[in-house]
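For reference, the structure is listed below as structure tokens.
Readers should treat all values here as calculations from the given coordinates under stated rules, not as data from a laboratory. Note that the coordinates shown come from a computational prediction; the quantities given were computed from them, not determined experimentally. Heads up, the Cβs are rebuilt from the backbone with ideal geometry, glycines too, and the neighbour counts pull from every protein chain shown.
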Amino acid sequence: MLYPQFNLFRQSNDLSGFWDFCFDREQVGETQGWPSGFSHGRPIAVPASWNDQFEDGRDYLGPAWYQIRFDLPWNWQDKRIFVRFGSVNYLATVWLNGTQIGGHEGGHLPFEFDITALVQPQANCLVVRVDGELAFDRVPPGNVTGDTVDFFPSHGGNTPQAQFDFFPFCGIQRPVLLYATPLQALQDITVVTDLVGSEGKLRVRAQKYDQTEASARFSLRGYGQDISVETQFNGDSAEALISVPEAALWSPAAPNLYELSVELLQNGAVQDVYSLPVGIRTVVVDGERLLLNGQPIYLTGFGRHEDFPVVGRGLLPPVIVKDYALMNWIGANSFRTSHYPYSEEMLALADRLGFLVIAETPAVGLYFREDGLERRLELCSQYVRELITRDKNHPSVIMWSVANEPHSKPPHAKPFFRQLYDEAHALDSTRPVTLVSTVGLAEESFEFCDVLCLNRYNGWYVQSGDIPKGLQVLSEDLDAIHEKYGSKPLILAEFGADAVSGMHAQPPEMFSEEYQAEIIARTIEVLRQKSYVVGEHVWNMCDFKTCQGVGRVGALNHKGVFTRDRRPKLAAHRLREIWGAK
Ligand code: BDP
């Protein structure tokens, strides 16, 4: 799936701004004709979550309606025209000029519609109904009843009733783009890179919308190279191999990016062009090591969230820039997109700035009770497909994570994840696939995962208040998992402690900044003694908003080493000493 681009052949118009908005608590929108436009809306900012924009909307999860009117630019005749949503949480139904053009389930991946036949030069009305309600057969799930699932911050219930530990922000959370391509246009591009000695090998494939005769010209430029290969389309796809002598490789230390430009040609005339940055690099699991370009890598960094005051989970580019600056300052080289795919804008900067990314699907809080299971599997597999389709060309993405902390005890968990693992590998044979587990020894899917990712809170949720005891248990636990699942790399994907900013204690006590700094530093000492550990991701980079519950003071998870407004706690300074400034 190509991100909209602006060039001689393509244009894109960002519909960000103030839209009309209303809640639909009585669910009357459709019967009252809102799909054709409504007149009682109040202004809302797009993109952003709605929850913190209105006092009466904080815990309201939908349905709600959005509307915007637009004209087309004067020169969009004879174009193929699309409307593309970066993400809408959770269920979206979309109408253009009163006609339903489609829908999408899942809150963190893009979807688009070809609106060429319906769109008018002027006075178009785009309406979106958004339903973010939590349900047992949605992924991630919520409002789960019965005793099968025990989610700890919910002792006594949490509000809203999410089956995961972050606020279920709702709405149009990433940009809505209107874009135009030529009628003969490229639909997708896939780039896979490899290395033979110092020579970079690129396997590139272009797809177009139709089967008409055409050829593709692939041109790679940068670092003194300007290489072009032309090849015929076979049906709707064209493939080529490009060799790059003395390739300038992509890595965190030197995030070198070539520019690949793909031209669609008919009778020698260029019909369409799409350019994308390409990083030449390999990622390989070799026994208990993880290799980038043939060299062992060790991940330092965080599990994170897309979360900021007022915008909620809405895309806010200055925060992205700030967060990379802070990760750079602290010496992080990587992060996991816990617990859902992050914005395309975030990943584009990871490519440019040289960060390694474990890209995760929204499969968090999964449980395996029979009711709704088939639907949850369908959704998870849709997410794997959509995530890989979207992010396959990012050199920064080094691994796919198909779930976080599933409640994997029932016997159907293993075949469930085997299917997701196989699907991920079928779509992308070049990246390792993992699953982030909390049960460790009992996680049978570890048998086939390429890398083992583990979350552990020794000295916090268990062995609370006793760091030495917690770390002794952790050390034995890691060795046992390593022994059981053979020689595979292991990443401690979450560890840490809540610290309420400004709370201090000597000797360190739980919830103080000192305790958090201590547990993080001492855990890292344990990890560094284990040859099979290839990464340490502290939970979390920043404090983040959660549902209300007795375990979450101020409806925040305080495990950030930065506050929610990005100020360092003691642990951030300690980490900076350990990880070293770049
Ligand atoms: C882990 C979850 C994460 C939570 C964290 C915590 O993966 O989403 O926020 O615990 O409790 O189990 O802070």
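Can you flag which of Lys201/Lys488; Lys484/Lys530; Lys79/Lys392; Lys484/Lys545; Lys322/Lys545; Lys322/Lys488 are past 25 Å Cα-Cα? All intermediate terms of the calculation are to be shown ahead of the outcome.
Numbers: Lys201/Lys488 27 Å; Lys484/Lys530 15 Å; Lys79/Lys392 27 Å; Lys484/Lys545 37 Å; Lys322/Lys545 19 Å; Lys322/Lys488 34 Å.
Checking Cα-Cα distances, Lys201/Lys488; Lys79/Lys392; Lys484/Lys545; Lys322/Lys488 exceed 25 Å.
With the cut-off at 1.5 for a/c, could you classify the stretch 186-278 from its C-alpha gyration tensor as rounded, prolate or oblate? It comes out prolate by the Cα gyration axes.
Can you give the calculated 222 nm mean residue ellipticity of the chain, where each DSSP H run of n ≥ 4 adds -39,500 (n - 2.57) and the sum is split over every residue, rounded to the nearest 500 deg cm²/dmol? Intermediate results must be reported in sequence, preceding the final value.
Values: 7 runs with 102 residues, N = 582.
Taken over the chain, the calculation gives -5500 deg cm²/dmol.
From the alpha carbon centroid of the stretch 421-472 to that of the stretch 536-582 is 21 Å.
Can you classify the stretch 269-377 as rounded, prolate or oblate using the Cα gyration tensor, where a ≥ b ≥ c are the square roots of its eigenvalues, rounded means a/c under 1.5, and otherwise it's prolate if a/b beats b/c and oblate if not? Before the final figure, lay out the partial values.
Numbers: a/c = 1.27, a/b = 1.18, b/c = 1.08.
Rounded.
Could you check how many percent of all C-alpha pairs in the stretch 283-578 are farther apart than 33 Å? The answer is 19 percent, as a whole percent. Rounded to the nearest 5, the antiparallel percentage of DSSP beta bridges internal to the stretch 283-578 is 25%.
Given the options Ile297, Val534, Ile320, identify the residue whose Cα lies farthest towards the positive end of the charge dipole of the stretch 283-578 (+1 on Cβ of Lys, Arg; -1 on Cβ of Asp, Glu). My answer, from the dipole projection, is Ile320. Assuming charge only on the beta carbon of Lys and Arg (+1) and of Asp and Glu (-1), the dipole of the chain about its Cα centre is about 920 debye to the nearest 20. Packing order of peptides 88-99, 263-274, highest average first: 88-99, 263-274 (average count of other Cβ atoms within 10 Å over each peptide's residues). Selection among Ala216, Leu264, Ser243 by position relative to the dipole of the stretch 186-278 gives Ser243 as farthest towards the positive end (Cβ unit charges, Cα centre).
Taking the number of Cβ atoms within 10 Å of each Cβ as an exposure proxy, the fewest-first ranking of Glu306, Glu213 is Glu213, Glu306. Beta-bridge orientation, the chain: approximately 75 percent antiparallel, per DSSP, counting only bridges with both partners inside. Evaluated at q = 0.09, 0.11 Å⁻¹, a Debye calculation over the C-alpha positions of the chain (equal weights, vacuum) places log10 I(q)/I(0) at -0.72, -1.08.
Look at where the Cα atoms of the stretch 213-275 and of the stretch 366-401 average out, and the two centres are 29 Å apart.
Cut-off is 10 Å between beta-carbons; in what order do His425, His108 appear when sorted fewest neighbours first? Walk me through the numbers before you get to the answer.
Working: His425 17, His108 26.
Final ranking by Cβ density, sparse to dense: His425, His108.
About its Cα centre, how strong a charge dipole does the stretch 283-578 have in debye, to the nearest 20, once Lys and Arg get +1 and Asp and Glu get -1 at the Cβ? Spell out each step's value before the answer.
On the way: 32 positive and 39 negative charges, 102 e Å.
That gives the stretch 283-578 a dipole magnitude of about 480 debye.
Going by neighbour counts of Cβ atoms within 10 Å, the residues Phe233, Phe335 line up, fewest first, as Phe233, Phe335.
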